[in-house]
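Below: one structure, written as structure tokens.
Laboratory data are not the source of any read-out in this text; all were calculated from the coordinates shown. The structure presented is a predicted model; accordingly, all values stated were derived computationally and were not measured.
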Amino acid sequence: MGLPHWPARFALVNGRIVLPHAVVSGRALLVEDGRIAGVLPLAELPDTAASVDVAGRLITPGLVDIHIHGAQGHIFNEATTEAFDSILRANARRGVTSLLATTVTDTIDNLVAVLDLAREWISDPPAEGEDRAQLLGAHVEGPYFALAQAGAQDPAHIRNPDDGAPERLLAYADIIRIFTYAPELPGALDLTQRLVERGIVAAAGHSSAREEDVRPAIDAGLRHMIHLWSAQSTITREGPWRKPGLLEVSLTDERLTGEIIADGKHLPPTLMRMAYKCLGPDRLCAVSDATSGAGLPDGARFRMGELEYDVCDGVGMVLDRTAFAGSTTLLNQMIAILVRDVGIPLPEAVRMASLTPARVIGVAERKGSLEAGKDADIAIFDDDFNAWGVLIGGRVASGF
């Protein structure tokens, strides 16, 4: 699709600009050569800058989703150009300008195929790529999980990290940003150390760990907890003694960052508010955990690997209704839920979906906020957080 190309220098005017700690009006966001040049008073705009009037809308950094499996009937595990293209386009249209291709538990051969395509995509993006979200790397979620916490992950492919297979996956350390596993499993501590040595964020999830299981992994460098409350062990009793699980460690250890699926289905507002109060907006990310059901209507069936699920009441469900199967909401609509239902101030809610995840995966020097020198990844939202216009690297990706 031919998309319009704007001048190298332009300014977005007449908008409410969402900065990391404030929303400012009466100023302009100046873009030069694909980067943010600054937020300036209108009187200081250079005469050579073309002005684009956004009619009072919100101007935010492009959103960064570090945990997303798919959208529009496709998941990254398909390991096809068609699937990657469809998912990345669907996100760009909604203001998600960069993301991690997140896998679901699968055969090692197929996970390698996903990583191989992701590496190829990153090194040589398809032509006319401005209308797709940027692929920043991969998030390997599984297959090293506790069977009891499988959730919608296919139990047929769940394994232990001492099986010798991590070596095949770690051959893609150059593009893997996050690797999630259950820290109580045989070989998990060794895996933690290998991830840290390669600069990969070691993350815990789908786990039955108790506190004594996870503490050694944290000491070894585990630093992130995926989708709090979802597939996470929690407090148990042994006689009169209360034993904390992964959840309680996630909420109290200041070395950790974490995620919530803020679709209003996985967690009620009270639990999202608890996570926000415990971790704060600089350690807590909003993630979509979207599956191939994202963008499909209620009642639609979708697949992840060999298993089938459906969209029910705006969320992915296993067919027997015993567990969620990821969300069907993309990240832009989660900001509205965080502000309206949870009561999080707008700048902080946006930060949780942009700058904080960018920091988690080590790209905050160029992504996640409207600060001078960063990539001009910009979303312009109506008040309901539908995207009116999206820019990636200063080029039109959607809208306008």
per DSSP, antiparallel bridges as share of beta bridges in region 62-368, % nearest 5, sits at 35
Relative contact order of region 62-368, pairs being alpha-carbon contacts under 8 Å that are 6 or more residues apart, as % | 19
Length released on extending from A173 to A113, taking residue separation times 0.36 nm less the Cα-Cα span = 20.2 nm
Structure-based [θ]222 nm, the chain - -39500 (n - 2.57) summed over DSSP H runs of at least 4, per residue, nearest 500 | -6500 deg cm²/dmol
